[in-house]
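Encoded as structure tokens, the structure appears first; notes follow it.
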Amino acid sequence: MTKNRRYFMQKIILIGSGGSGKSTLARALGEKLGYPVDHLDVLLWRANWQAVPRDEQRLIQQTLTSRNTWIIDGNYGGTLDLRIDAADTIIFLDLPRTLCLYRALKRTWRYRKTSRPDMATGCPEKLSLDFLKWIWRFPVDKRPEILSTLKATSDKQIIHLRSRRAVKQFLQSLS
């Protein structure tokens with residue numbers, strides 16, 4: 001990351017592994033930039049972990065991305081193309097999987113039996129072996145596909161953050 005770099009961002013998506021800090025960074029960016037922040041986990045789940053149907057997911061995201069400024073965090077690979085097409089900035093949080101696992105475990109403990117602020121109401125925090133495997137395998141299963149997509153996306157500003165320090169420096173560069 002280049003120090004003192006100027007960023008022009010109005011339509012921002014954040015992607016990365018579970019536990020990478022997408023929602024936390026989205027909130028911090030929203031505060032610094034004064035943009036609305038939307039967490040896809042809030043919008044694409046209903047109570048009792050019922051997923052919103054795919055066609056409705058696309059409609060929700062089309063509505064969100066039609067605004068002049070926005071920040072959207074979440075992966076949702078089946079609709080990522082829609083957000084990439086509408087965004088001017090893509091932030092990929094590519095942090096070590098051990099850190100992501102630690103954060104997911106910490107988050108589970110912190111919000112046990114309740115819904116965290118960036119999750120739909122009625123979806124209490126839970127941890128499953130499948131989710132832990134997904135985080136652990138993210139660098140092998142998802143990262144190459146994301147990097148390939150980003151490489152093919154030449155008309156967007158891409159911010160690839162690989163450490164907590166890089167995230168902190170990026171945020172400081174915006175003040």
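Can you tell me which of Ser148, Ser175 is more than 14 Å from the chain's Cα centre (by Cα) and in a loop (DSSP other than H, G, I, E, B)?
That would be Ser175, the only listed residue that is more than 14 Å from the chain's Cα centre (by Cα) and in a loop (DSSP other than H, G, I, E, B).
Out of Leu95, Leu80, report the one residue that is aliphatic (A, V, I, L, M) and farther than 24 Å from Gln169 by Cα. It would help to see each step written out before you state the result.
Numbers: Leu95 fails: farther than 24 Å from Gln169 by Cα.
Only one candidate passes the filter, namely Leu80.
Taking Thr108 as the residue in question, decide whether it is within 24 Å of Arg162 (Cα to Cα), open to solvent by 20 Å² or more (accessible area, probe 1.4 Å) and among the polar types (S, T, N, Q). Break it down into steps so the answer makes sense when it comes.
Details: within 24 Å of Arg162 (Cα to Cα): yes; open to solvent by 20 Å² or more (accessible area, probe 1.4 Å): yes; among the polar types (S, T, N, Q): yes.
Criteria met by Thr108.
Would you check which residues across region 105-132 are among the aliphatic types (A, V, I, L, M) and closer than 15 Å to Ser17 by Cβ and list them? So that I can check it myself, show each step before the final result.
Here is the first cut: in region 105-132, the ones among the aliphatic types (A, V, I, L, M) are 105, 119-120, 127, 129, 132.
Selection gives Leu105, Leu127, Leu132.
Mind counting the residues in region 118-161 that are among the basic types (Lys, Arg), surrounded by fewer than 16 Cβ atoms within 10 Å (Cβ to Cβ) and more than 23 Å from Lys11 (Cβ to Cβ)?
3
Among (1) modelled with pLDDT of 95 or more; (2) out of contact with any Leu (no Cβ under 6 Å at 6 or more places or on another chain); (3) not in a helix (DSSP H, G or I), there is one condition Gln169 misses while meeting the rest; what is its number?
Among (1) modelled with pLDDT of 95 or more; (2) out of contact with any Leu (no Cβ under 6 Å at 6 or more places or on another chain); (3) not in a helix (DSSP H, G or I), the lone unmet condition for Gln169 is (3).
Identify, please: which residue in region 78-133 is polar (S, T, N, Q) and in a helix (DSSP H, G or I) and is, among those, modelled with the lowest pLDDT?
At the first step, the residues of region 78-133 found to be polar (S, T, N, Q) are 79, 89, 98, 108, 114-115, 121, 128.
Narrowing further to those that are in a helix (DSSP H, G or I): 79, 98, 108.
Details: Thr79: 92, Thr98: 97, Thr108: 88.
Step by step, filter region 78-133, then rank; the result is Thr108.
Arg46: among the basic types (Lys, Arg), surrounded by fewer than 15 Cβ atoms within 10 Å (Cβ to Cβ) and more than 19 Å from Ile146 (Cα to Cα), yes or no?
Values: among the basic types (Lys, Arg): yes; surrounded by fewer than 15 Cβ atoms within 10 Å (Cβ to Cβ): yes; more than 19 Å from Ile146 (Cα to Cα): yes.
Taking the combined requirement at face value, the residue satisfies it.
Take the residues in region 151-166 that are touching a residue at least 24 places away in the same chain (Cβ under 8 Å) and part of a helix (DSSP H, G or I); name whichever of them is farthest from Thr24 (Cα to Cα). I'd like the intermediate steps shown before the answer.
First, pick out the residues of region 151-166 that are touching a residue at least 24 places away in the same chain (Cβ under 8 Å): 153, 156-164, 166.
Checking which are part of a helix (DSSP H, G or I) leaves us with 164, 166.
Details: Arg164: 12, Ala166: 14 Å.
Only one residue tops the list, namely Ala166.
Let's see how each residue does on (1) under 18 Å from Leu161 (Cα atoms); (2) crowded, with 19+ Cβ neighbours inside 10 Å; (3) in contact with a helix residue (DSSP H, G or I) (Cβ under 6 Å, 6 or more places away or on another chain):
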{"site": "Lys22", "(1), (2), (3)": "yes, yes, no"}
{"site": "Arg27", "(1), (2), (3)": "yes, no, no"}
{"site": "Leu33", "(1), (2), (3)": "no, no, no"}
{"site": "Pro36", "(1), (2), (3)": "no, no, no"}
{"site": "Ile60", "(1), (2), (3)": "no, no, yes"}
{"site": "Gly74", "(1), (2), (3)": "yes, yes, yes"}
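For the subset of region 78-90 comprising residues that are touching a residue at least 60 places away in the same chain (Cβ under 8 Å) and surrounded by 16 or more Cβ atoms within 10 Å (Cβ to Cβ), which member is nearest to Lys22 (Cα to Cα)?
Start the filter on region 78-90 by keeping residues that are touching a residue at least 60 places away in the same chain (Cβ under 8 Å), which leaves 80, 83-84, 86-90.
Then drop every residue that is not surrounded by 16 or more Cβ atoms within 10 Å (Cβ to Cβ), which leaves 80, 83-84, 86-87, 89-90.
On the way: Leu80: 15, Arg83: 15, Ile84: 16, Ala86: 18, Ala87: 16, Thr89: 14, Ile90: 12 Å.
Ranking the candidates gives Ile90 first.
The values are calculated or read from the model by the stated rules, or taken from the named source; none is laboratory data. Quantities reported herein were computed from a predicted structural model and do not represent experimental measurements. Note: ideal-geometry Cβ built from the backbone for every residue, glycine included; neighbour counts use all protein chains shown. Calculation scope for accessible area: heavy atoms of the full protein, side chains included, ligands and nucleic acids excluded. Shrake-Rupley method; radii C 1.70, N 1.55, O 1.52, S 1.80 Å.
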